[in-house]
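The values are calculated or read from the model by the stated rules, or taken from the named source; none is laboratory data. Small disclaimer: the values here were computed from a predicted structure and weren't measured. Methodologically, a virtual Cβ is constructed for each residue, glycine included, from the backbone with ideal geometry; neighbour enumeration extends over all protein chains shown.
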Amino acid sequence: MKITLPSGTFALDDIGNGLPVLFLHGFPHTRALWRQQVAALSQHVRCVAVDLRGFGESTTDEPYSIEQYALDVCAVLDHLEIEQAVIAGLSMGGYIAMGCWRHCPERVLALCLLDTQMGADDDAGRAKRNALMDRVRAEGVDALVEAQLPGMLGRTTRAQRPYIVAEMKEMMSSAGTSGILGALTALRDRPDATDVMSTVRVPTQVIVGDEDALTPVAKAEQLIAQLPAGTARRFDVIAGAGHASCLERPSAVNHVMLEFFELVQRT
């Protein structure tokens, strides 16, 4: 379905009943990243998967920033009349989930952070973003896919699951230039949210693929360690998965997410 808001038009899937869970994809994905979660978990909870600004079927209008993505998310929740939701985000979606915590914490019932980190880009990282933006402008979307596809998936997936590699390549290739450049700008300029983790007072799950080369297990361990004492938490490492763990090992991710949602409902 599509909804029209003052800030743009957003495409989303809204399936199931009960505990609301909002799924935020990474860069450069679409809500299809979560199709296996929506299919399975909607039997237990209300699953809302949205195309972020500039991706899939959603608006491509500026501005682009982590804050703007978070404000878009809050506007979607308003439209759907969801007072509070579990916010689940992978990679860039994790940054946006924390953006929701910064800007509208009263809407966040719990956090589920997959294959992500909270630090800002350093000078070298910003230079790489700028170089990739220049390459996309010159060579198009295919240049982005060539540069980022290998790091997006774990070695087991690349060796044994060619259908997942093909699915990820198709998803990445569907992105438009404006959305890619906008997201790269948002990622380059994102604030450091490391200290924000210490303010989280809602149940939090951290999930990471054990073959994630972009945000490895050590970074995920740092996230869970930064939560304040007394915060309900869960830490899950997914064997045989890389950066896109929910796509690479969907059944394993579904299992641990469902257990976390049960924890949220008991808390």
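Under the condition of being more than 20 Å from GLY56 (Cβ to Cβ) and either part of a helix (DSSP H, G or I) or free of Cβ contacts under 8 Å to residues at least 12 places away in the same chain (or both), the residues counted in region 147-164 number 11.
Could you tell me whether GLU262 is over 18 Å from the mean Cα position of the chain (by Cα), among the acidic types (Asp, Glu) and either at pLDDT 95 or above or over 28 Å from VAL45 (Cβ atoms) (or both)? It is true that GLU262 is over 18 Å from the mean Cα position of the chain (by Cα), among the acidic types (Asp, Glu) and either at pLDDT 95 or above or over 28 Å from VAL45 (Cβ atoms) (or both).
Is it the case that LEU144 is under 19 Å from THR30 (Cα atoms), in contact with a Lys or Arg (Cβ under 9 Å, 6 or more places away or on another chain) and in contact (Cβ under 8 Å) with a residue 24 or more places away in the chain? When the stated conditions are applied, LEU144 passes them. For region 24-61, the tally of residues that are at pLDDT 95 or above and either in a loop (DSSP other than H, G, I, E, B) or over 18 Å from LEU114 (Cβ atoms) (or both) stands at 19. Does ALA97 count as assigned to a helix (DSSP H, G or I) and closer than 12 Å to LEU24 by Cα? Here the answer is yes, as ALA97 does meet what is asked. Here THR231 meets the list (1) in contact with a strand residue (DSSP E or B) (Cβ under 9 Å, 6 or more places away or on another chain); (2) among the hydroxyl-bearing types (Ser, Thr, Tyr); (3) in contact (Cβ under 8 Å) with a residue 40 or more places away in the chain almost entirely, failing just condition (3).
Within region 51-66, the residues that satisfy the criterion of being out of contact with any His (no Cβ under 9 Å at 6 or more places or on another chain), closer than 20 Å to GLY99 by Cα and among the charged types (D, E, K, R) are ARG53, ASP61, GLU62.
Here is a yes/no grid of residues against (1) of a type in the set (Gly, Ala, Ser); (2) surrounded by 17 or more Cβ atoms within 10 Å (Cβ to Cβ); (3) under 19 Å from the mean Cα position of the chain (by Cα):
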| position | (1), (2), (3) |
| --- | --- |
| ASP123 | no, no, no |
| ASP134 | no, no, no |
| ARG155 | no, no, no |
| TYR163 | no, no, no |
| GLY182 | yes, yes, yes |
| VAL200 | no, yes, yes |
| ILE207 | no, yes, yes |
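In region 229-259, which residues are at pLDDT below 95 and either more than 23 Å from GLY18 (Cβ to Cβ) or of a type in the set (Val, Ile, Thr) (or both)? Correct list: ALA229, GLY230, THR231.
Within region 193-247, being of a type in the set (Ser, Thr, Tyr) and under 12 Å from THR116 (Cα atoms) holds for THR194, THR215, SER245. Across region 23-40, not a single residue is classified as in contact with a Gly (Cβ under 6 Å, 6 or more places away or on another chain), surrounded by fewer than 18 Cβ atoms within 10 Å (Cβ to Cβ) and β-branched (Val, Ile, Thr).
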